[in-house]
1. Condition (residue is outside any helix (DSSP H, G or I), in contact with an Asp or Glu (Cβ under 7 Å, 6 or more places away or on another chain), closer than 13 Å to A:L469 by Cα and touching a residue at least 24 places away in the same chain (Cβ under 8 Å)) applied to the range A:304-326: is it met by at least one residue?
2. If the Cβ limit is 7 Å and pairs must be 6+ apart or interchain, which residue in the range A:26-53 that is within 13 Å of A:M91 (Cβ to Cβ) pairs with which residue that is modelled with pLDDT of 90 or more and of a type in the set (S, T, Y)?
3. Would you say B:T367 is within 13 Å of chain A (Cβ to nearest Cβ) and either surrounded by fewer than 23 Cβ atoms within 10 Å (Cβ to Cβ) or within 19 Å of B:L283 (Cα to Cα) (or both)?
4. Mind listing whichever residues of the range B:396-412 are within 11 Å of chain A (Cβ to nearest Cβ) and not small (G, A, S)?
5. Report whether or not B:V451 is within 14 Å of chain A (Cβ to nearest Cβ), surrounded by fewer than 23 Cβ atoms within 10 Å (Cβ to Cβ) and at pLDDT 85 or above.
6. Provide a single number: the residues in the range A:1-33 that are β-branched (V, I, T) and surrounded by fewer than 16 Cβ atoms within 10 Å (Cβ to Cβ).
7. Does any residue in the range A:175-193 that is within 7 Å of chain B (Cβ to nearest Cβ) come within less than 7 Å, Cβ to Cβ, of a residue that is among the aromatic types (F, W, Y) six or more places away or on a different chain, and which pairs are these?
8. Check the range B:206-217 and report whether any residue there is over 23 Å from B:G280 (Cβ atoms) and touching a residue at least 12 places away in the same chain (Cβ under 8 Å).
Amino acid sequence: MILALLILIPSVAGALAWFFGRMGNRWPRWISLIAFGIDLLLVLLLWANYPGEVDFTANRAWFVEVQAPWITSLGIGFHLAIDGISLLLVMLSCFLGIMATIASWTEIQERVGLFHFNLTWTVAGIIGVFLALDLFLFYFFWELMLVPMYFLIALWGHENRTYASVKFFLFTQAGGLLMLLGILAIYFIHGSQTGTYTFDYSELLGTRMNPNTALLLMLAFLAAFLVKLPALPFHTWLPDAHTEAPTGGSVILAGLLLKTGAYGILRFAVPLFPGAALQIAPWAMVAGVVGIVYGAVLAFAQTDLKRLVAYTSVSHMGFVLLGIFAWKELALLGVIIQILCHGVGTGALFMLVGSLQERVHTRDTQRMGGLWGIAPRMGGAMLFFALASLGLPGMGNFVGEFLILFGTYSVSALLTAVAAGGLIVSTIYALWMIQRVFYGPKKEGWKISDLSLREMAAMTAMILGILWLGLYPRPFIDTARHSLDQIQNVVESMRAP
Amino acid sequence: MSIPLMPILPLIVLSAASVIVMLTVACYRNHRLTYFLTLATTVVAFLILPVISSQVPAQVTSLLLIDGYALFYSGLILLCLLAVTLSSYDYLNGRRESPDEYYILLLIATLGSVILVASSHFASFFLGLEILSISLYALIAYDRRPLMIEAGLKYLVLAAASSSFLLFGMALIYAQLGTMSFPEIASKLPSAGAIDLVYAVAIVMIIIGIGFKLSLVPFHMWTPDVYQGAPAPVTAYIATVSKGAVFALLLRYFSGVELHAYGSLFVIFTIIAIISMFTGNLLALFQTNIKRLLAYSSIAHLGYLLVAFLSSGPLRVSAVTFYLVAYFVMTLGAFGVVTVLSGKENDADEIEDYHGLIKRRPVLAATFTAMLLSLAGMPLTAGFIGKFYLVAAGVGSMLWLLVITLLVNSVIGLFYYLRVIAVMCVRELEPGVSVPTRFMTGSLVLAALFVALVWLGVYPAPVLEMIQAIRLGAG
């Protein structure tokens, strides 16, 4: 029940926010803040009760599970479940939901009710994606999160918002429809083999099919996930969408939406088609490494601050792809940490860029410079997250990237070396960004206010998060480890003939 | 031989009511009275359906077969009639023409549609089709504006031509097989290898006739003009009842036939489906008139329906039927919004009329957005489940080419639906666009359609089970 509540609370809050939006702009903001707050508390409650080191028994593979009939005649059930991985990702969703609300506090002044409706529904859809264990339900949430996200970009975005929002929608929709094809194909294959037609994940696991079919279906699933992640060459929607979205939208996009792709590969694409995943792994890892270097190099070349941050996402998600397809325990743990850190860190960078843009009304780094003197708190926070982004030890990203590289080394030393080279480029772009914006001569005589108390509170929370992940990642690793083992076991058992 | 009258009671009610309303209008013209008589007829005819459901299937002469399938579609048609009638009242009030005959024509057209879905014989098929078409000629041109008369004439000429094709096809089949009743045709049908030229020509003729009514490419030329010219409620009626009834008939006619077995027939339908999807969606991209845009999108949607129609197995009938239900709801909803927004002089069908609608009429804009998202197949709406079902039927029969075409077209379709939504939400109101009056009953209909849309999208199980329980034919 608690799982359904996690989705229900933001959706109901969204409707309330829209309704109370007419009574004043403060109402929707508080409603959405409180809703995400309650959600976060619920997740923390779940986390506190998480069995941790206790072994899962076979008949209780999930920590909490809800199952109810939905469209029984087609074998569709309302099946939600949570394990360590889902738990961490849902926690991240609620946390970033709060941050996105705070980021939009002063930026959004028009149609505030509708904005928060879309914001909460996007997050509700994303939480649904992380919890759904029925493939139809998963697809349902997968599509559900797109519509409000589209509106966030199309209605409250910057100059080029129509182009960016439509591009975003078409890319992700095309990927999603291919996944639908894959879902239906595996549904019918499983049905014709066993006689029970069902979309349930645990039933569909272990469906036997010939290798070529498996490869095709896997590619259909990957089409959706790689577009979302995004992996090269499906990434072109990302810089546009991230740049044009309002700050809150960028936080959700970079922090959460991209993670649904990684989660999808981890939970669905590899376990459903273990053989095909093995086949495709070298290619996927190469794509990951290319993404790391390519994203970092392009980030360095950007003068639009938001675009710069967007390209760093491409680079960081390359690590995630590399780690998943290396399929080693260490690498997978690194992936989870990397996902969490990237969510928090990039979210924070987008918030900083957003508040900078709110003050100077430009994102062009060539017009900035010397801002440290007038906005030291902003500069300090930016420096912190830039350092996190380049993977300084002590911060979460270091742990994530280190574990991924460690895990990948035993699979391919060459790819590891190239990926590590990408880290050098990321050092350059991160420091270069700080240099151009906050140091150097003052260019246009900006007079801006520093971060407000509200913004500082958000930054503090995020800084603490990154430090926690960097200095004491143990609780997160413990939470994820057994669920990852579970998935790995399933895959190993099926790969063995 | 005595004819059982109970099963055809809805038909009797509709016919009798048409006469009664006509006589009433002759004696005493009152828009409100005619309107209420029409509503009462619709409700009574609808309420009869569950009463007679225990007596089906019943073969009434060799012309009509009242089975669960016919009853379900009759109910659907009557609900559409109810929605169209309700939203017509305010629309017609104060227009140039006296509105009374409009309702008579609607009733007669509905009679024709109900005959169509229950027909099991070429005679009743043609009879129903002509009753429907002839009423539509008059309905399309009802307000006698130049654009409407053009649309009416265009429909008249093309529909008459297509009817003659149909008739010729039927005659050829009769000449070959010596029967006009569907079950006998199915049983006497030569095996796939032995189809001779005459029979092939006959089938193609029938496909042309039906393809015209369904506005499948390449028989779609009339659609945008008629959609644009006809009064908005009539357009809604054509888009739903007329097409739905003919599709129901098509499905019944080919229900006993495994289309896969007839290679050339299968190929013809596949080609029609693919070019309908592409033509509809690609041309819709360039439209600036909402009614034309919806016309092209309906061409594409009929193409989607053919995907399920061409599939085989248990999902076929239920997928088509469910998608038609969803399609009815979203089409009625979309045209309902156009109706409610229309002023006394012109329909609100140019895209400029929708600029900044979310600021002027937020609820209406939200409803329209929901309908468009449903047409695009987004979750929480009926269109999502419907499209999912179609794709499932296609994948289940391994119609990969058709399914992939459908998916590609969904993406193309999304593009122009989003454009309309963006116009409503993003653009500011153009100065000089008048804000029309409020329509009470029309808004109520829209609210009901919205509820139906979301209900079908969130919890379709009851309706699905009802559809899956439908029995086609006497068995």
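The values are calculated or read from the model by the stated rules, or taken from the named source; none is laboratory data. Worth saying up front: this structure is predicted, and the values here are computed from it rather than measured. Ideal geometry is used to build each Cβ from the backbone, glycine not excepted, and the neighbour counts take in all protein chains shown.
1. The first filter runs over the range A:304-326 and keeps only residues outside any helix (DSSP H, G or I), leaving A:304.
Okay, now just the ones that are also in contact with an Asp or Glu (Cβ under 7 Å, 6 or more places away or on another chain), so A:304.
From the residues that got through so far, the ones that are closer than 13 Å to A:L469 by Cα too are none.
No, that holds for no residue.
2. Cβ pairs passing all conditions: A:F36/A:T101.
3. On the way: within 13 Å of chain A (Cβ to nearest Cβ): no; either surrounded by fewer than 23 Cβ atoms within 10 Å (Cβ to Cβ) or within 19 Å of B:L283 (Cα to Cα) (or both): yes.
Taking the combined requirement at face value, the residue does not satisfy it.
4. B:M398, B:W400, B:V403, B:I404, B:L406, B:L407, B:V408, B:N409, B:V411, B:I412
5. Spelling it out, it is not the case that B:V451 is within 14 Å of chain A (Cβ to nearest Cβ), surrounded by fewer than 23 Cβ atoms within 10 Å (Cβ to Cβ) and at pLDDT 85 or above.
6. 2
7. A:L180/A:Y139
8. So far as the range B:206-217 goes, no, none of its residues is over 23 Å from B:G280 (Cβ atoms) and touching a residue at least 12 places away in the same chain (Cβ under 8 Å).
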